[in-house]
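The values are calculated or read from the model by the stated rules, or taken from the named source; none is laboratory data. All figures in this text were calculated on a predicted structure; none of them were measured in a lab. Note that we place each Cβ from the backbone using ideal geometry, even for glycine, and neighbour counts take in every protein chain shown. All accessible areas refer to the heavy atoms of the entire protein, side chains included, with ligands and DNA or RNA removed. Shrake-Rupley method; radii C 1.70, N 1.55, O 1.52, S 1.80 Å.
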Amino acid sequence: MDLNNFHAQLSALEAELLAELEVGEQNGADSTVTLDQQSVGRLSRMDAMQGQQMALEQKRRRKERLLQVRAAIKRIEDEDYGFCLDCDEPINPKRLEIDPCAQRCVTCEEKQA
């Protein structure tokens with residue numbers, strides 16, 4: 001297993017997630033919706049509120065994914081990467097190619113579900 005390749009993938013993913021979070025902060029997509037009925041109609045407010053909630057959920061998911069990426073990078077640095085957290089067996093490299101943040105083998109992941 002090529003740990004350098006996985007480390008490079010994870011570092012690139014980390015940079016991408018940080019950039020996306022920064023853009024979201026700059027755009028203020030998750031700012032509070034004004035509920036002034038005089039300035040906008042009801043449907044416009046509903047659309048704005050839905051857009052706000054979607055932006056907040058995207059931000060939450062990006063932060064969660066960023067934590068997963070950083071944990072995977074730490075596992076590489078600690079030489080624990082590629083081993084299942086539950087059974088300590090090696091995780092199939094093809095699984096790691098699909099999701100480099102995978103923490104469990106397929107068998108243990110199915111038990112979690």
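Would you check if E79 is at positive phi, of a type in the set (D, E) and modelled with pLDDT under 95?
On the way: at positive phi: yes; of a type in the set (D, E): yes; modelled with pLDDT under 95: yes.
It is true that E79 is at positive phi, of a type in the set (D, E) and modelled with pLDDT under 95.
Of all residues in segment 95-113 being open to solvent by 100 Å² or more (accessible area, probe 1.4 Å) and not β-branched (V, I, T), which is nearest to I73 (Cα to Cα)?
So in segment 95-113, the residues open to solvent by 100 Å² or more (accessible area, probe 1.4 Å) come out as 97-98, 110-113.
Checking the rest, the ones that are also not β-branched (V, I, T) come to 97, 110-113.
Working: E97: 14, E110: 24, K111: 25, Q112: 23, A113: 25 Å.
Top of the filtered list is E97.
If D86 satisfies every condition in (1) of a type outside the set (A, V, I, L, M, F, W, C); (2) closer than 21 Å to D2 by Cβ; (3) not in a helix (DSSP H, G or I) but one, which is the exception?
D86 satisfies every listed condition except (2).
Just to be sure I understand the filter: pairs with C-beta atoms under 7 Å, separated by 6 or more residues or on different chains, first member in segment 50-61 and under 15 Å from V23 (Cβ atoms), second member open to solvent by less than 70 Å² (accessible area, probe 1.4 Å) and part of a helix (DSSP H, G or I). Which pairs pass?
From segment 50-61, the pairs are A55/G24; K59/L21; K59/G24.
What number of residues in segment 65-83 are open to solvent by 60 Å² or more (accessible area, probe 1.4 Å) and assigned to a helix (DSSP H, G or I)?
The first filter runs over segment 65-83 and keeps only residues open to solvent by 60 Å² or more (accessible area, probe 1.4 Å), leaving 65, 67-68, 70, 74, 77-80, 83.
Filter again for assigned to a helix (DSSP H, G or I), leaving 65, 67-68, 70, 74, 77.
Adding up the residues that qualify gives 6.
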